[in-house]
Amino acid sequence: MKKGTGIDRRSFIKKSTAGLFGSGLFGRRGFSCNQEKSETDSPRIKEYRTLGRTGFKVSDLATGDFDDPGPFRGLLDAGVNYIDTSESYGQHGKKIGEAIKGRDRNSLFISSKLQADTSIRRIGKEGTTKEGFIRRAHRVMDALQTDYLDCLMLSSPETIDMLKTPGFHEATEQLKKEGKIRFVGVSHHGSQWMLQKPKVSMGEMLLAAAEDGRFDVFLLAYNFLKEDMSERVLEVCGQKNIGTTLMKTNPIRSYNHLKQYLDSARTSKGRELTDQDRENLARMEKKVENAQTFIQKYNLKSEKEISDAAIRFCLSNPNVHTICVTVLNFDEMRNFLKLSGSRLGPRDKALLSAYKNECGSLYCRHACGVCESACPYGIPVNTIMRYDHYFVSQGREKHAMTKYAALETQKADICQSCEGYCQSACPYGVPVRALLSTAHRTLTIC
């Protein structure tokens, strides 16, 4: 952050966890479950679903990256058996390998992802040959301390040609013959911006993958505010018996950051607000006021009520097999496990419908990217807002800031003085420019 803005990043981040109305509402880092619990309060997985053509019975809740191995092991003890991994998660594989030692390997379904983009320095062109993919798959297995992977996925291809990368498919064919992998998949949650101006959306990419026929499992973004392209993909998966795993299923947690951003900007003494600043703040302030009205109208005591409904929305879709969740502590672990086997109830439907109408414009849709072509500066909106989600919603602060720092495109510092081409192009009325400005402050070290 530049000096003189009057908004101190560390103070901003610290304040943003304090919570709306002093309750920690809609801010994951400030949320702590205060409900009564006892030593015997040990929820377990209640439902297993067949993961498409794999035939494997997976728990309806899945898990993956973690900071604390305790809650991760707790999820496995409770019956979670689908584990999502990736070569790009740093020490993630090694941590999981240590955590699953001594468990029945055949009872677990472990999936991992490999990038196919040669612009990623650590991969390079050689890494996308048949031999390169095989070496990389073995490195993943070595880190996990396992002899095989249940599924090997191609991670976020950005072109149809990348989806059909010969080296990947030749490698998976050989690895299958050797018993090193069982199934092949593809993951996608919007453009990565490893290439300039990506033109293929998540929906288009996954429909092409379904038509290709070589992919057994999909990992995609889906939630009650982002049904459009994902709903069609899930329907096709049901028709073709493709296994489905979900991510980005809870679009709720952003209001603490937004409110603190507004408060900080309004009281800023480091610089004078421009007309664009005032217009930007007024637009955003109206959205937050709507959110506060919604909270009071439905007498919500905790973000848990609405976030639980968001998860139940996904679990109610018959074409969904499992949902990947990130838990930070044992309270969150118990709360997620209690959702296993549940479905949307009448109050859930009313809450989600009202939320969508009154607060939906505060969520920048994952894997959307509709506004990106309108930006004259080439801002990777979808990618930056995903990193902001990692920081604010998942608590993966270092990971999010590292990813943002590594972006080679124009960053969102320029958005503060921009005319707002992105939000003019947004079909959902999202104050995109303001969200990008907030994300830049969140993800940038002073």
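The values are calculated or read from the model by the stated rules, or taken from the named source; none is laboratory data. Since the model is a prediction, treat every value here as computed from it, not as a measurement. No Cβ is skipped: glycine too gets one built from the backbone with ideal geometry, and neighbour counts run over all protein chains shown.
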Assuming residue 312 fulfils every condition listed in (1) crowded, with 17+ Cβ neighbours inside 10 Å; (2) among the basic types (Lys, Arg); (3) at pLDDT below 95; (4) out of contact with any strand residue (DSSP E or B) (no Cβ under 7 Å at 6 or more places or on another chain) apart from one, which condition is it? (3)
Count of residues meeting criterion [at pLDDT 95 or above, in a helix (DSSP H, G or I) and among the polar types (S, T, N, Q)] in the range 102-140: 2
Scan the range 353-360 and give yes if some residue there is of a type in the set (Ser, Thr, Tyr), buried (at least 21 other Cβ atoms within 10 Å of the Cβ) and either without any contact (Cβ under 8 Å) to a residue 40 or more places away in the chain or farther than 30 Å from residue 77 by Cα (or both), otherwise no. yes
Matching residues in the range 298-330 - criterion: being in contact with a Pro (Cβ under 9 Å, 6 or more places away or on another chain) and closer than 20 Å to residue 81 by Cα: 327, 328, 329, 330
Just to be sure I understand, how many residues within the range 323-358 are assigned to a loop (DSSP other than H, G, I, E, B) and of a type outside the set (Ser, Thr, Tyr)? 9
Test residue 346 against the criterion of being under 25 Å from residue 111 (Cβ atoms), surrounded by fewer than 16 Cβ atoms within 10 Å (Cβ to Cβ) and outside the structural domain of residue 398 (by TED's automatic domain parsing), and give yes or no. no
Filtering the range 371-402 for residues that are over 16 Å from residue 415 (Cα atoms) and surrounded by fewer than 17 Cβ atoms within 10 Å (Cβ to Cβ) leaves a count of 3
Scanning for something modelled with pLDDT under 90 and of a type in the set (Val, Ile, Thr), does the range 33-46 turn up at least one residue? yes
In the range 52-62, is there at least one residue being farther than 30 Å from residue 235 by Cβ and surrounded by fewer than 23 Cβ atoms within 10 Å (Cβ to Cβ)? no
Among the listed residues 219, 234, 225, identify the single one that is at pLDDT 95 or above, within 17 Å of the chain's Cα centre (by Cα) and closer than 26 Å to residue 307 by Cβ. 219
Return the residue satisfying two criteria in turn: it lies in the range 152-194 and is of a type in the set (S, T, N, Q) and within 16 Å of residue 87 (Cα to Cα), and of such residues it is modelled with the highest pLDDT. 172
Of (1) part of a loop (DSSP other than H, G, I, E, B); (2) at pLDDT 85 or above, residue 405 satisfies every one except (1)
